[in-house]
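Have a look at this one.
The values are calculated or read from the model by the stated rules, or taken from the named source; none is laboratory data. Please read these numbers as outputs of a predicted model, since none were measured by experiment. Backbone-built Cβ (ideal geometry, glycine too); neighbour counts: all protein chains shown. What goes into the accessible areas is simple: the full protein's heavy atoms, side chains included, and nothing from ligands, DNA or RNA. Shrake-Rupley method; radii C 1.70, N 1.55, O 1.52, S 1.80 Å.
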Amino acid sequence: MGDFKVHRVRFFDYMPSGIRCMAFNHKTHRLALARLDGSVEIFNFSDNFFQEKIIPGKDSQSIEAICWVGERLFTASLNGGITEHDLVNLRPKYSLDAFGGPIWTLACNAQGTHIAVGCEDGSVKLFEVHPENIQFERNLDRQKGRVMSLSWHTSGAQIAAGMLDMIRVFDVKSVTSSGKSYCAQNAGGSRRRVRRRKCVVWSVVFLSDHTIVSGDSAGKVQVWDGNMGTLIKTHQISKWDVLCLSASQDENSLVAGTSEGTVVQFQFLASTLVEAEKEWVRTRTLKPHTHDVRAVLELEQIIVSGGMDTQLVVRPLMDKVEIKSQDTAPRKIHFPHRRLVSCAEQAGLLLFQFPAHLEVWRLGESDGHGRPGDRLLVRRKPEKLLQLKRKGEEQISCSALSNCGGWVAYSSVSSLRLFRLQCDNNHLSIVKISSLPKFLSSAHQLCFSADSSKLFVASSNSTVHVISLSKSECKLVHSFKSASGCTEPVHLLAPSADGAWLATANGACEIHIYNLHKLKPHCSLPLHRSCPSAMAIHPTTNNLVVVHADQQIFEFSVVEGRYTDWSRKLQRVGLHPLWLQRDTPVTHVTFNLQNPAQFLLHDMYMFCLVDQSLPLPEQRDQFFNQLTLKSLSEDERKSRIHAFKICKRFQPLLSMFMLKDGALVVVERPLLDITTQLPAPIGQKKFAT
């Protein structure tokens with residue numbers, strides 16, 4: 001595989017935020033989830049669960065509910081506003097105050113014509129959906145206490161609302177908003193307990209046969225007759241709260257998430273083989289989380305859940321799976337599928353991106369002598385040189401550090417800032433550059449050229465601006481617009497080392513290459529069905545290496561404008577099944593400066609050195625063969641060696657870089673460190689303790 005001196009970085013204290021709510025669009029196969037910090041993430045479930053987009057949040061905005069209306073996305077927050085999000089420019093499009101206090105829940109009818117919100121003042125407000133905005137229509141009857149949950153009937157004529165001690169069904173088409181009320185307070189329990197504890201209906205599901213299913217703070221899932229207002233059955237599934245419910249599209253199954261971290265499935269089945277009458281039966285209990293399950297969805301063959309432990313869990317329902325494949329394997333998504341760390345390869349500096357600030361660290365030094373596998377003595381410890389706090393309440397969306405370590409740039413939704421760094425011995429000075437062009441109000445992605453003389457800014461409408469940097473001023477050199485007219489945001493930038501080329505990739509799976517000398521488009525790569533997750537241009541050959549979310553690898557000759565012979569051979573032979581079965585995307589590509597035939601890839605669980613001078617692995621070959629090769633003789637080793645060399649020693653792996661001296665920098669974020677920073681889970685008594 002080769003010997004590398006490795007800087008093992010574990011001082012990036014990145015802490016993901018917990019998941020608050022989720023919504024799935026069955027037409028586009030997109031999952032939208034909102035986190036506790038107000039950020040919104042979009043995952044493409046048809047593209048290997050790739051995280052396509054992130055809309056940064058605000059400190060003052062706490063999202064409580066989220067829903068799709070066609071291909072439009074709406075959220076509601078405790079500040080009392082309803083927000084529609086611009087999924088092209090990755091920012092809030094507009095916000096509308098509901099004038100009912102904090103909003104706890106939001107739901108759209110099946111027809112996509114109306115949105116209902118439940119407010120702190122006990123009101124349910126209806127908004128009519130228009131092509132460009134939403135407009136308030138009317139209030140339904142105000143109740144005592146806040147409205148915690150809402151669910152529309154498929155006809156769009158009724159809404160079920162969960163409140164304190166009560167479930168209310170509203171007749172939407174009635175002028176007087178009349179309806180039925182069901183007492184949910186300790187239904188089926190003792191009177192003594194009623195006086196002691198109030199019951200909060202956290203979630204309701206209104207089925208097409210007028211059955212209402214509720215989950216409450218008493219740990220019960222209750223089934224109600226929506227026509228008669230009577231309780232059919234009670235399932236006591238937890239000693240703590242049932243926080244969320246979700247029904248399958250065919251309404252034959254539903255899942256519930258609890259404060260204990262469990263997900264319980266119910267199915268509409270006959271209780272015995274003899275009886276034909278069906279009822280809701282508890283069939284499965286899962287424990288995918290350690291803390292509160294705040295959101296859960298049942299989608300065809302899988303259950304998707306998320307909560308306070310920050311991870312998104314996708315678990316297959318094996319009784320519904322006909323053919324086992326990589327799509328049916330369970331997976332956990334812990335970290336963003338984007339870059340959070342930048343490296344100044346010449347200066348030996350690292351830039352860590354947090355939602356509210358940036359940190360600049362200098363790598364440590366060692367003696368550099370030892371055998372493979374040895375831990376080298378540290379001569380100089382890593383040092384934190386700078387902490388740069390953002391201005392305002394908006395979270396940082398992207399950042400970059402120049403190769404020389406002299407420039408830092410970051411952007412939020414509404415501002416782009418550039419700073420000049422000067423480091424003399426142990427003294428670091430920072431100067432803000434205020435002469436940026438006025439139209440550079442924000443960026444989706446930032447990147448510096450290899451010689452640190454230019455800043456590339458991926459802006460709105462898939463436009464990339466080239467900014468010339470100097471000590472005295474910053475000038476706009478050129479703006480590249482998408483040759484196809486696509487407006488999807490650019491999420492990847494890859495400049496060449498000689499400053500001649502720039503490759504860009506956007507959310508429509510398009511990859512364009514621009515000539516920086518002639519300032520015009522050079523060519524575009526053939527469109528692949530999967531979104532690019534990582535790419536980079538080779539420093540000597542100017543070949544572009546692209547890895548997609550479906551794990552496919554391509555190498556494109558920028559100069560010749562075609563795929564290389566190695567890439568064509570790889571597509572003809574095919575990638576090894578074990579490579580394709582990986583469940584996390586490659587997020588970074590770098591090159592071995594000591595050997596031009598080698599490049600390195602990494603995802604969360606491994607990094608891979610690809611040696612193009614070696615034969616490609618065949619389908620029957622042993623893929624993970626590093627330990628096996630060490631035990632073989634020289635002749636046997638030559639017959640079994642192949643191009644893909646995998647290392648799983650460093651994980652979870654956030655970033656990996658190659659310094660100018662040939663040393664590797666690997667940035668890890670141990671999951672145990674994240675777990676220790678979470679609030680304590682609900683105490684559960686275990687057997688024999």
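Excluding residues on the same chain fewer than 8 positions from K381, give the lysines whose Cα lies under 19 Å from its Cα.
Cross-link targets: K5.
OK, next. Tell me whether the stretch 311-428 comes out rounded, prolate or oblate; compute the Cα gyration tensor, take square roots of the eigenvalues as a ≥ b ≥ c, and use a/c under 1.5 as the rounded threshold.
In terms of gyration-tensor shape, oblate.
Hey, with R₀ at 30 Å, roughly what FRET efficiency would V431 and V378 work out to, going by the Cβ-Cβ distance, to 0.05?
0.40
Going by the alpha-carbon gyration tensor, a ≥ b ≥ c the square roots of its eigenvalues, is the stretch 1-86 rounded (a/c under 1.5) or, if a/c is not under 1.5, prolate (a/b greater than b/c) versus oblate?
oblate
Something else now. Counting only residues 5 or more places away or on other chains, whose amide H sits under 5 Å from the amide H of G38 once H atoms are built in the peptide plane?
Sorted by chain and number, the residues that satisfy this are I63.
What is the sum of charges around L312, taking Lys and Arg as +1, Asp and Glu as -1, for the other residues whose C-beta is under 13 Å from the C-beta of L312?
Around L312, the charge tally is +3.
Here is the link list: K125/K389; K569/K638; K220/K320; K93/K198; K332/K384; K53/K389. Which ones come out longer than 30 Å on Cα distance?
Checking Cα-Cα distances, K125/K389; K93/K198; K332/K384 exceed 30 Å.
Not counting ligands, DNA or RNA, and with a 1.4 Å probe, what is M535's accessible surface area in Å² rounded to the nearest 10?
The accessible area comes out at roughly 20 Å².
Okay, moving on. Taking N as the number of residues in the stretch 480-632, what is its alpha-carbon radius of gyration divided by 2.2 N^0.38 Å?
With N residues counted in the stretch 480-632, Rg over 2.2 N^0.38 Å equals 1.08.
If I model a spin label as a point 7 Å beyond the Cα along the Cα-Cβ vector, how far apart are those points for A483 and S174 in nm?
6.3
So if I place +1 on the C-beta of Lys and Arg and -1 on the C-beta of Asp and Glu, and nothing else carries charge, what would the dipole magnitude of the chain be about its Cα centre? I want it in debye, nearest 20.
1480
Then there's this: Rounded to the nearest Å, what's the spacing between the alpha carbon centres of the stretch 585-619 and the stretch 133-158? Just the number, please.
54
Can you tell me the FRET efficiency between S208 and E71 if r is taken as the Cβ-Cβ distance and R0 is 25 Å, rounded to the nearest 0.05?
Computed FRET efficiency for S208 and E71 comes out at 0.55.
Cross-link candidates for K144: which aspartates and glutamates have Cα within less than 13 Å, leaving aside residues fewer than 8 places away along the same chain?
E120, D121, D165
Eight or more residues apart or on different chains, and alpha-carbon atoms under 16 Å: count the Lys pairs in the stretch 393-551 matching that.
Close lysine pairs found across the stretch 393-551: 8.
When only C-alpha pairs under 8 Å and at least 6 residues apart count, what is the relative contact order of the chain, in percent?
Once normalised by length, the contact order is 8 percent.
Can I ask one more? In percent, what relative contact order does the stretch 47-89 have, based on Cα pairs under 8 Å that are 6 or more apart in sequence?
With pairs under 8 Å counted, the relative contact order is 26 percent.
Mind listing the long-range amide H neighbours of Y94? Cut-off is under 5 Å, sequence gap 5 or more, other chains count too, H placed in the peptide plane at 1.01 Å from N.
Here E84 satisfy the definition.
What net charge is computed for the residues neighbouring D86, neighbours being all others with C-beta under 11 Å from the C-beta of D86, Lys and Arg scored +1, Asp and Glu -1?
+3
Something else about it: Please report the net charge: other residues with Cβ closer than 9 Å to the Cβ of F12, K and R +1, D and E -1.
-1
To the nearest 0.05, how large is the calculated FRET efficiency for A597 and K93 if R₀ is 45 Å and r is the Cβ-Cβ distance?
On the way: r = 48 Å, r/R0 = 1.07.
Efficiency computed from Cβ-Cβ geometry: 0.40.
By a straight-distance test (C-alpha under 14 Å), which aspartates and glutamates pair with K173 as possible cross-link partners, with residues fewer than eight away in the same chain excluded?
E128, E137, D141
Tell me the mean residue ellipticity at 222 nm calculated for the chain from its helices only (DSSP H runs of n ≥ 4, each -39500 (n - 2.57), averaged over every residue, nearest 500).
Only helices count here, giving -1000 deg cm²/dmol.
Next up: Going from most exposed to least, what order do R362, R146, R284, R640 have by accessible area with a 1.4 Å probe?
The most accessible residue leads, giving R640, R146, R284, R362.
Note down the magnitude of the dipole of the stretch 305-427 about its Cα centre, charges +1 on Lys and Arg C-beta and -1 on Asp and Glu C-beta and zero elsewhere, to the nearest 20 debye.
That gives a dipole near 100 debye.
Could you list the trypsin sites (Lys or Arg not before Pro) in the stretch 1-67 that lie in coil according to DSSP, counting only those with at most 12 other Cβ atoms within 10 Å of their Cβ? Write out the running numbers ahead of the final one.
Working: sites: K5, R8, R10, R20, K27, R30, R35, K53, K58; in loops: K5, R10, K27.
Sites meeting the loop and neighbour criteria: K27.
So who's got an amide H within less than 5 Å of the one on H444, skipping anything under 5 residues away but keeping other chains? H placed 1.01 Å off N, in plane.
Amide H neighbours of H444: A458, S459.
While we're looking at this one, here's another question. Quick check: the distance between the Cα centres of the stretch 41-80 and the stretch 263-319, to the nearest angstrom?
Rounded to whole Å, the Cα centres lie 23 Å apart.
While we're here: What are the principal axis extents of the Cα atoms in the chain, in Å, biggest first?
Computed over the chain, the largest-to-smallest principal extents equal 76, 62, 48 Å.
Give me the base-10 log of I(q)/I(0) for the stretch 215-324 at each q in 0.19 Å⁻¹, Debye formula, one uniform scatterer per Cα, rounded to two decimals.
-0.99
Give the dimensionless ratio obtained when the Cα radius of gyration of the stretch 369-470 is divided by 2.2 N^0.38 Å.
Expressed relative to 2.2 N^0.38 Å, the Cα Rg reads 1.32.
Could you compute how much accessible surface W501 exposes when probed at 1.4 Å, giving the result in Å² to the nearest 10?
30
Separate question: Could you look at the chain and say what percent of its accessible area is carbon and sulfur, using a 1.4 Å probe and all protein chains? Could the numbers behind the result be given before it?
Working: 15270 of 30410 Å².
Carbon and sulfur: 50 percent of the exposed surface of the chain.
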